[in-house]
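K.L.:
Input: one structure, supplied below.
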Amino acid sequence: MKLTPDFFHEKETRLFLDRAAAALSVPVSVHGPNDWHITGRGGCAACTWVNKQLKGKQACRASREEYLEMVLRGNVPVTFVCHMGFTCVSAAVIPEDNYTVTLGPYVPDTDTSKTGLAIERGLAALNKTDINRLDPPFTLEDMRTLPQGSVRAATEWILDGLRELFKDFYSNTPEDADEVSGSPTATATPAPKHSQGRHRHRDNPVEVSIMALSLLCGRTQECRTFLLDFLEENKRYPEQLKPGIIRMVSQLVEAVKRQGGDIHAVWSTYTAFVESVNTLNNDESLIAAADKVLRRAARTCSSGFKHKYPYLPKAIIALHVSYHEKKLLTTTAETCDVALSTITRTLEQLTGANFSEVRGRIRILHASRLLRTSTLPASSIAKLVGINDQANFGKLFKRYRGDTPGAYRAYYRK
């Protein structure tokens, strides 16, 4: 199982990083691919001031990137000195993934006399030569002076803790939440029963991949509704809503990347979204904040994708709008002017599900919404989503939701 940003926003992971930063009195930060800042705990006045300067932020990134290859290739913490002369320790959270944890900055107890000169040089490099090194625009009082070996040892302790949490996180994830990468057989695993963790069943990677594909085809409304469904289904778990919406948006962005979208321009919007979540207190504001990330992804990633797969936008529209119609694959292929096999092969490659399963999951998404929000009998809902045989509807619903339509409705009516 690949490491993804949502792991770092889990409650247990956040608590662990909080405790680590508090115990060490050293900032702890996590970066992902493209030096994307995922989360951080603690901080110091020097870093805060430097990162407010454009050149300072660029220099900090360059300092990390200079040692990144060494960090990712090794299985031990790497100590380095940043452009301001401060010392940091960085290590790969999982050796084969591009996620790093960094401790620092701090001042090694053997180099305290060199700090002033290093700050002077660092400020000069930022074109702040008019600032006296003895009176810098920040304080060093919150920067710890520590033995070099103790920070490396602390980094190893943090790595051990994160890796154990990582194992627990994914061992408790339902079977169908395993990453799917084009294997049709992998998607046949039934969804978990509600009793096994209702707040996770919306995390199915096939459904997330379908919604990410919708973003790449320029459609954000379906993803927005998908997130609204998530909030609605988890209202009895209010403590799960904020970390859950972060997790869902993280998974959508990661899926866009897996499907070939260039998400570099999305990171700043995503970071602002994560930072704002704790200040938002209702579903509307959470969805509005998430919607900015979705629209950014659709706007910046869709053009190149549509050029590569010019027929897919029409196919995705057909699946979302005409999912209830008969012979949909045939009519969609005719509309797109491509072979039936081309559409279903591309869908399998990008979502791990063929045309029939993608349509089936979209049908059940709509059926679930109607079961929660209407008084229509299940037989009527089945016909509305294009399934005339109620027995088949029940089987399909249980496959993707882990419960019968009646049990699902009863649970959300309580």
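The values are calculated or read from the model by the stated rules, or taken from the named source; none is laboratory data. Predicted model only: the values in this text are computed from it and were never measured. So basically every Cβ, Gly included, is an ideal-geometry build from the backbone, and we count neighbours across all protein chains shown.
K.L.:
Please specify each residue of segment 380-403 satisfying the condition of being touching a Lys or Arg at 6+ places or on another chain (Cβ under 7 Å) and more than 18 Å from residue 357 (Cβ to Cβ). Break it down into steps so the answer makes sense when it comes.
P.N.:
Our first condition is that a residue be touching a Lys or Arg at 6+ places or on another chain (Cβ under 7 Å); within segment 380-403, this holds for 385-387, 400, 402-403.
Answer for segment 380-403, where residues must be touching a Lys or Arg at 6+ places or on another chain (Cβ under 7 Å) and more than 18 Å from residue 357 (Cβ to Cβ): just 403.
K.L.:
Quick check on residue 375: is it assigned by TED's automatic domain parsing to the domain that holds residue 325, without any contact (Cβ under 8 Å) to a residue 60 or more places away in the chain, within 16 Å of residue 214 (Cα to Cα) and not aliphatic (A, V, I, L, M)? It would help to see each step written out before you state the result.
P.N.:
Numbers: assigned by TED's automatic domain parsing to the domain that holds residue 325: yes; without any contact (Cβ under 8 Å) to a residue 60 or more places away in the chain: yes; within 16 Å of residue 214 (Cα to Cα): no; not aliphatic (A, V, I, L, M): yes.
Against the criterion (assigned by TED's automatic domain parsing to the domain that holds residue 325, without any contact (Cβ under 8 Å) to a residue 60 or more places away in the chain, within 16 Å of residue 214 (Cα to Cα) and not aliphatic (A, V, I, L, M)), residue 375 does not qualify.
K.L.:
State yes or no: is residue 404 among the β-branched types (Val, Ile, Thr) and within 25 Å of residue 224 (Cβ to Cβ)?
P.N.:
For residue 404, the condition - among the β-branched types (Val, Ile, Thr) and within 25 Å of residue 224 (Cβ to Cβ) - is not met.
K.L.:
Which of the residues belonging to segment 358-380 are over 19 Å from residue 319 (Cβ atoms) and surrounded by 16 or more Cβ atoms within 10 Å (Cβ to Cβ)? I'd like the intermediate steps shown before the answer.
P.N.:
The initial filter retains those residues of segment 358-380 that are over 19 Å from residue 319 (Cβ atoms), namely 371-380.
Selection gives 371, 378.
K.L.:
Only one residue in 246, 316 is modelled with pLDDT of 85 or more, crowded, with 19+ Cβ neighbours inside 10 Å and within 29 Å of residue 35 (Cβ to Cβ), so which one is that? It would help to see each step written out before you state the result.
P.N.:
On the way: 316 fails: within 29 Å of residue 35 (Cβ to Cβ).
It is 246.
K.L.:
Which condition number in (1) at pLDDT below 85; (2) on the phi > 0 side of the Ramachandran plot; (3) of a type outside the set (Val, Ile, Thr) is the one that residue 260 fails?
P.N.:
With (1) at pLDDT below 85; (2) on the phi > 0 side of the Ramachandran plot; (3) of a type outside the set (Val, Ile, Thr) applied to residue 260, the lone miss is (1).
K.L.:
Please return the ranges of helices (runs of 4 or more DSSP H) entirely within segment 306-381 where 2 or more residues are over 17 Å from residue 219 (Cα atoms). Talk me through it step by step, then tell me what you get.
P.N.:
Details: elements: 312-321, 328-336, 340-351, 355-373.
The qualifying helices (runs of 4 or more DSSP H) are 328-336, 340-351, 355-373.
K.L.:
Quick check on segment 270-301: of everything there that is surrounded by fewer than 19 Cβ atoms within 10 Å (Cβ to Cβ) and of a type in the set (Ser, Thr, Tyr), which residue is nearest to residue 235 (Cα to Cα)?
P.N.:
Result: 285.
K.L.:
Scanning segment 140-160 for residues that are touching an Asp or Glu at 6+ places or on another chain (Cβ under 7 Å) and not polar (S, T, N, Q), which turns out surrounded by the most Cβ atoms within 10 Å (Cβ to Cβ)? Reasoning before the result, please.
P.N.:
Applying the first criterion (touching an Asp or Glu at 6+ places or on another chain (Cβ under 7 Å)) to segment 140-160 yields 145-147.
Now restrict to residues that are not polar (S, T, N, Q): 146-147.
Working: 146: 19, 147: 12.
The residue in question is 146.
K.L.:
Additional query: Kindly indicate whether any position in segment 304-327 is polar (S, T, N, Q), more than 22 Å from the chain's Cα centre (by Cα) and more than 24 Å from residue 205 (Cβ to Cβ).
P.N.:
Yes: one or more hits.
K.L.:
Applying the selection to segment 49-66, what residues are surrounded by fewer than 18 Cβ atoms within 10 Å (Cβ to Cβ) and either of a type in the set (Val, Ile, Thr) or within 14 Å of residue 92 (Cα to Cα) (or both)?
P.N.:
Of everything in segment 49-66, just one residue is surrounded by fewer than 18 Cβ atoms within 10 Å (Cβ to Cβ) and either of a type in the set (Val, Ile, Thr) or within 14 Å of residue 92 (Cα to Cα) (or both), namely 65.
K.L.:
If you go through segment 69-84 one residue at a time, do you hit one that is within 24 Å of residue 141 (Cα to Cα), surrounded by 19 or more Cβ atoms within 10 Å (Cβ to Cβ) and hydrophobic (A, V, I, L, M, F, W, C)?
P.N.:
Taking every residue of segment 69-84 in turn, at least one turns out to be within 24 Å of residue 141 (Cα to Cα), surrounded by 19 or more Cβ atoms within 10 Å (Cβ to Cβ) and hydrophobic (A, V, I, L, M, F, W, C).
K.L.:
Among the numbered conditions (1) free of Cβ contacts under 8 Å to residues at least 24 places away in the same chain; (2) surrounded by fewer than 20 Cβ atoms within 10 Å (Cβ to Cβ); (3) of a type in the set (A, V, I, L, M, F, W, C), tell me where residue 333 comes up short.
P.N.:
Condition (2) is where residue 333 drops out.
K.L.:
Which one is nearest to residue 274 (Cα to Cα), of the residues in segment 2-23 that are among the hydrophobic types (A, V, I, L, M, F, W, C) and under 11 Å from the mean Cα position of the chain (by Cα)? So that I can check it myself, show each step before the final result.
P.N.:
Step one: list which residues in segment 2-23 are among the hydrophobic types (A, V, I, L, M, F, W, C), which gives 3, 7-8, 15-17, 20-23.
Next, from what is left, pick out any that are under 11 Å from the mean Cα position of the chain (by Cα): 3, 7-8.
Values: 3: 18, 7: 13, 8: 11 Å.
So the residue we want is 8.
K.L.:
Within segment 164-177, take every residue that is exposed (fewer than 14 other Cβ atoms within 10 Å of the Cβ) and either not in a helix (DSSP H, G or I) or not polar (S, T, N, Q) (or both) and give me the one that is modelled with the highest pLDDT. Break it down into steps so the answer makes sense when it comes.
P.N.:
Going through segment 164-177, the residues exposed (fewer than 14 other Cβ atoms within 10 Å of the Cβ) turn out to be 164, 167-168, 171-172, 175.
Those still in the list that are either not in a helix (DSSP H, G or I) or not polar (S, T, N, Q) (or both) too: 164, 167-168, 172, 175.
Values: 164: 86, 167: 81, 168: 78, 172: 54, 175: 35.
Restricting to residues being exposed (fewer than 14 other Cβ atoms within 10 Å of the Cβ) and either not in a helix (DSSP H, G or I) or not polar (S, T, N, Q) (or both), the top hit is 164.
K.L.:
Six or more apart or on different chains, Cβ atoms under 8 Å: show the pairs whose first residue is in segment 394-414 and closer than 20 Å to residue 235 by Cβ and whose second is among the β-branched types (Val, Ile, Thr) and buried (at least 19 other Cβ atoms within 10 Å of the Cβ).
P.N.:
401/364; 405/381
K.L.:
Further question: Here is a check on your reading of the model: is residue 46 over 22 Å from the mean Cα position of the chain (by Cα), small (Gly, Ala, Ser) and surrounded by fewer than 19 Cβ atoms within 10 Å (Cβ to Cβ)? Can you show your working first?
P.N.:
Working: over 22 Å from the mean Cα position of the chain (by Cα): yes; small (Gly, Ala, Ser): yes; surrounded by fewer than 19 Cβ atoms within 10 Å (Cβ to Cβ): no.
Considered against the rule, which asks whether it is over 22 Å from the mean Cα position of the chain (by Cα), small (Gly, Ala, Ser) and surrounded by fewer than 19 Cβ atoms within 10 Å (Cβ to Cβ), residue 46 comes out as no.
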